[in-house]
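K.L.:
The structure that follows is given in the form of structure tokens.
The values are calculated or read from the model by the stated rules, or taken from the named source; none is laboratory data. In this text the structure is predicted, and so the values were computed from the model without any measurement. Note that we place each Cβ from the backbone using ideal geometry, even for glycine, and neighbour counts take in every protein chain shown. Areas reflect the complete protein model, heavy atoms only, side chains present, ligands, DNA and RNA absent. Shrake-Rupley method; radii C 1.70, N 1.55, O 1.52, S 1.80 Å.
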Amino acid sequence: MTLALTDVTVRYGDTAAVDDVSLELEPGQVLAVLGPSGCGKSTLLRAVAGLEPLSAGAIAWDGADLAGVPTHKRGFALMFQDGQLFGHLSVARNVAYALRIRRTPSARVAARVRELLALVGLRGYGDRLPGTLSGGERQRVALARALAVEPRLILLDEPLSALDATLRERLAGDLRSILHDAGTTALLVTHDHEEAFALADRLAVMRAGRVVQAGAIDEVWREPVDEDTALFLGYARVLREDAAARVLSAAGLPPAYAVALRRSALVVDPAGAVRATVESARVTPEQVRLVVVADGIGEVDAVAPLGSRLSPGDAVALHVDVTRLAVLPITAEG
Ligand code: ADP
């Protein structure tokens, strides 16, 4: 085991920003802590970094308690949203910064910087100043700098959130393969499920200071513990009771109290068992997105193949795609 958090609590006055959190992270794994703004994820990250004292619980590395170990002795690297590069230093100097502080010989520094810039896809960028780079390039430099000292753990605070959507998607794929190629163990915090899915192997969903669910990404995705978690993971709607039973029976599944649907869980199909009336239709590059009112279900989202000519008021039949829904367990509220 590498990193282990046991019953970690961080209080600010009377409120617990992090409340009794236990998590484990194996070597080479990327764990994303996913939660809405204010849920305590940055506080958790800072606690792991040693920048926030614990009110209770323990953080250990390979079984050794980190309580008395200051930030710079933990062997962890931090990378923030905006990269925080030194604007007056070249890319190469930024990447080399921590190596120089450690008095690494210059030939070794130069070789390591070349290697790292190649790793992050920025070969030949060494002499550029950060101000002349795009947002994505700056984040890559920040990553190279964080990896320079071969940290045993890298802590990432929403590393892609400052980037625009296209760039974010591209860099997410790159970042994932860079972390895997370098064999880096990483703890990522984010409010963006896309960022979590793009980068991590494992997911811990956090709400109001607590971890409400943790597991492999596909497991958590397939079986969210409750409605809030499902919606936060990107499911479009949660249906309950009769509406849920109707969708599940059309999908050939046993009834349950609630079901979470992705926007594409209901698909227009003349052979489908669910009858509905189109409320609105919007063409996207991949498909036609519909909002429909379905018999016995009510208003839901649905999709139709591109080229379908559907207008409000049209009657359609829908089939339920079982891979795009999650059956939710009965919750306390339920
Ligand atoms: P997140 O990163 O999920 O947005 P934070 O960890 O930043 O959440 O904050 C969790 C909670 O703790 C919030 O209610 C926030 O207002 C509070 N908080 C964070 N830092 C401090 C601080 N230094 N002093 C007091 N309260 C804080």
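K.L.:
Say each of Glu150 and Ala236 gets a label point 7 Å from the Cα, pointing the same way as Cα to Cβ; how far apart are those two points in nm?
P.N.:
Output for this residue pair reads 4.9 nm.
K.L.:
Continuing with this model, one more query. Quick one: angle between helix 106-119 and the longest Cα principal axis of the chain, in degrees between 0 and 90, rounded to 10, please.
P.N.:
Once rounded, the angle reads 10 degrees.
K.L.:
For His88 and Thr9, compute 0.36 nm times the residue count separating them, minus their Cα-Cα distance, and round to one decimal in nm.
P.N.:
Here the answer is 24.5 nm.
K.L.:
Using alpha-carbon positions, what is the distance between the centroids of segment 223-237 and segment 26-42, in Å?
P.N.:
17 Å
K.L.:
Not counting the cut sites, what is the longest span of the chain without GluC sites (Glu not before Pro) that DSSP labels loop and that have at most 12 other Cβ atoms within 10 Å?
P.N.:
Answer - 1-285.
K.L.:
Points 7 angstrom from Cα along the Cβ direction at Ser161 and Leu129: gap in nanometres?
P.N.:
The answer from the label model is 3.0 nm.
K.L.:
Separate question: Once the whole set of protein chains is in place, how much accessible area is left on Trp61, using a 1.4 Å probe, in Å² to the nearest 10?
P.N.:
The value for Trp61 is about 20 Å².
K.L.:
Provide the descending list of Cα extents for segment 235-328 along its principal axes, expressed in whole angstroms.
P.N.:
In descending order, the Cα extents are 34, 22, 20 Å.
K.L.:
Name the trypsin sites (Lys or Arg not before Pro) in segment 74-130 that are in a loop by DSSP and that have at most 13 other C-beta atoms within 10 Å, would you?
P.N.:
Arg102, Arg103, Arg123
K.L.:
I need the Debye-formula profile for the chain: one equal scatterer per C-alpha, no solvent, reported as log10 I(q)/I(0) at q = 0.07 1/Å, two decimals.
P.N.:
-0.38
K.L.:
Over the chain, with the other protein chains present, what is the accessible area per residue in square angstrom, probe 1.4 angstrom?
P.N.:
Using a 1.4 Å probe on heavy atoms only, each residue of the chain averages 47 Å².
K.L.:
Now for a different question. Output the peptides 155-161, 266-272 sorted from most to least packed, where packing is the average of other Cβ atoms within 10 Å over each peptide's residues.
P.N.:
155-161, 266-272
K.L.:
What is the distance, in nm, between label points placed 7 Å from the Cα along the Cα-to-Cβ direction at Ala56 and at Ala216?
P.N.:
In this crude label model, Ala56 to Ala216 measures out at 3.3 nm.
K.L.:
Between Ala110 and Asp301, how high is the FRET efficiency from 1/(1 + (r/R0)^6) when r is the Cβ-Cβ distance and R₀ = 56 Å? Nearest 0.05.
P.N.:
For Ala110 and Asp301, the calculated efficiency is 0.55.
K.L.:
Any chance you could run the full-extension gain for Thr284 through Asp314? It's 0.36 nm times the residue separation minus the Cα-Cα distance, nm to one decimal.
P.N.:
8.9 nm
K.L.:
Separate question: Mind pulling the angle between the C-alpha long axis of helix 135-147 and the longest principal axis of the chain? Nearest 10 degrees, somewhere in 0 to 90.
P.N.:
The answer is roughly 50 degrees.
K.L.:
Angle check, please: helix 91-101 long axis (alpha carbons) against the longest principal axis of the chain (alpha carbons), in degrees 0 to 90, nearest 10.
P.N.:
Orientation of helix 91-101: about 60 degrees from the principal axis.
K.L.:
Calculated FRET efficiency, Lys73 and Arg176, Cβ-Cβ r, R0 30 Å, to nearest 0.05?
P.N.:
According to the calculation, E is roughly 0.55.
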